[in-house]
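The structure under discussion appears below in the form of structure tokens.
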Amino acid sequence: MLHLQIITPEKTVFDDEVDQVSLPTENGQITILPHHVALVTSIKPGELILKKHSKEELLAAGFGFAQITKDNVKVLVDLAAPEEELEEKAIEEAKKAAEVALAQKHTLSEEEYATAAANLQKALAQLRIKRRRRRI
Amino acid sequence: MTQIREIKRRIKSIENTSKVTHAMELVSAAKMRKAQEKTVSSRPYTSALHQMIIELRPETHKNLHRLLKENSSPNQLVILITSDRGFVGGLNLNLAREAIKMTNKNTKFIVVGKKALSFAVKMGADVIAGFQSEEKPFIDLARTIAKMAVDAFTKAEVSGVYLIYSKFESTIKQVPTVQKLLPITLTGAEAGIETEEVPQMLFEPSADRIIERLLPHHVLTHIYQILLESKASEHSARMVAMKNATDAASDLVDDLTLTYNQARQESITKELLDIITAQAVFE
């Protein structure tokens with residue numbers, strides 16, 4: 001068993017035992033099983049899948065970091081929303097707002113641009129999760 | 001008679017004031033609850049991030065990151081965070097006292113909150129930036145401040161960045177706190193981790209890249225957290241101050257009502273006395 005903690009600035013989203021967890025890292029999706037080697041990696045927007053008793057749970061992840069030590073997985077991200085909490089409308093709006101912001105590229109400072117780009121990536125990742133599930 | 005009317009007028013005015021303070025108390029209580037909740041729920045994230053950095057210590061110290069490296073600039077930067085508005089008891093005063101202790105001619109200031117700004121101006125301090133604490137979302141404010149602090153530090157304009165804010169402990173207790181933000185130090189009790197066997201760790205994509213992202217993020221999160229703490233402290237302090245004011249007002253009203261009744265009774269007795277004396281004369 002793995003002990004998984006998912007913490008965002010708003011709250012502790014998840015703190016429990018799981019069988020395995022898949023993380024969207026900068027280098028691609030990786031799956032952590034018990035007895036994984038100690039690892040520190042950075043998370044990018046995507047889907048975070050955790051499995052417990054062959055039941056799957058899907059979360060949308062934002063930017064952040066993950067630290068794996070022995071049988072502990074600590075995930076610190078700025079967004080971690082369970083699939084059912086995602087609201088398509090709100091995400092669409094966030095996406096549009098980010099796109100509008102990006103369109104005014106020349107008026108933005110470097111940070112503002114980076115923030116808007118990050119928001120867009122997060123919105124896109126959430127939408128992907130929402131839509132993919134519906135098709136099945 | 002004039003005395004009685006005077007007392008009545010005072011009672012009325014105190015009652016009106018207490019109505020205002022009571023309303024402010026209720027408003028602050030509502031804001032306080034929200035701010036406290038936010039502060040407390042974001043603490044795990046901040047401390048987990050800090051913990052992670054401490055555990056990466058062997059790696060960060062291999063080649064010293066620019067946010068860990070000390071420089072020899074004589075200047076220091078103080079980020080002072082107060083409330084925008086008053087009615088918060090001794091909160092801002094305590095912070096100002098801490099700030100005075102830190103200040104010498106080489107101290108530069110970034111101030112957040114109107115009270116901090118007017119304090120710095122009065123001190124004749126070198127203010128490089130001033131913000132109001134409610135002009136934009138905290139995360140944006142934190143981002144701006146973090147960038148300024150990191151820039152000043154990496155350009156070696158300042159050798160240390162300190163935060164002065166009131167740490168929220170409970171509704172009735174807020175502690176004025178001075179914290180060192182930069183260079184990031186992982187010493188003291190936290191250094192105990194050094195003696196433990198540090199397991200070999202993998203880094204993906206690479207240690208440098210992770211640390212490059214992690215440390216600035218830590219600075220940002222730290223500032224964000226203390227902005228939340230300050231807000232929670234402010235509303236708590238205001239709630240308590242207003243509650244005390246309301247209580248004091250009702251005590252005062254009780255006192256004055258007693259005096260009023262005495263004066264009224266006195267005048268009635270005098271009148272009665274007059275009537276009786278007059279009657280006695282006619283008989």
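Across chain B, C-alpha contacts under 8 Å between residues 6 or more apart give a mean separation that, scaled by the residue count, equals a relative contact order of 32 percent. Averaged over peptide B:42-49, the number of partner chain Cβ atoms lying within 10 Å of each residue's Cβ comes to 6.
Here chain A is assigned +1 on the Cβ of each Lys and Arg and -1 on the Cβ of each Asp and Glu. Its dipole about the Cα centre then comes out at about 520 debye. Projecting the Cα atoms of B:His50, B:Leu80, B:Gln36 onto the charge dipole of segment B:1-158 (Cβ charges, centred on the Cα centre) puts B:Gln36 farthest toward the positive pole. Taking the centroid of alpha carbons for each part, segment B:40-95 and segment A:21-96 are 27 Å apart. Cross-link partners of B:Lys8 among lysines, defined as those whose alpha carbon lies under 30 angstrom from its own and excluding same-chain residues fewer than eight positions apart: B:Lys19, B:Lys243, B:Lys270.
As a calculated quantity, the FRET efficiency between B:Asn104 and B:Asp247 at R0 = 35 Å, using C-beta atoms, amounts to about 0.25.
Under the definition of partner shielding as Cβ atoms of other protein chains within 10 Å of a residue Cβ, what is the mean value for peptide B:143-151?
1
Beta bridges per DSSP, both residues in chain B: antiparallel share near 35 percent. The magnitude of the dipole of the protein assembly as shown, with charges of +1 and -1 set on the Cβ of Lys/Arg and Asp/Glu and taken from the Cα centre, is near 900 debye. With contributions of -39500 (n - 2.57) from each DSSP H run of at least four residues, the per-residue ellipticity at 222 nm computed over chain B stands at -22000 deg cm²/dmol. Taking every alpha-carbon pair under 8 Å whose residues sit at least 6 apart, chain A reaches a relative contact order of 21 percent. Largest GNM mean-square fluctuation among B:Leu228, B:Leu202, B:Leu214, using chain B with Cα springs under 10 Å: B:Leu202.
Checked against a 24 Å cut-off, the cross-linked pairs A:Lys105/B:Lys108; A:Lys11/B:Lys101; B:Lys136/B:Lys167 give Cα-Cα distances beyond that limit for A:Lys105/B:Lys108; A:Lys11/B:Lys101.
Count the DSSP beta bridges whose two residues both fall in the protein assembly as shown, then state the antiparallel fraction as a percent rounded to the nearest 5.
Counting DSSP beta bridges with both partners in the protein assembly as shown, the antiparallel share is about 65 percent.
When both bridge partners sit in segment A:2-83, DSSP labels roughly 90% of those beta bridges antiparallel.
Coordinate-derived values only; no laboratory data. None of these values were measured; they are calculated from a predicted model. We place every Cβ from the backbone using ideal geometry, glycine too, and count neighbours over all the protein chains shown.
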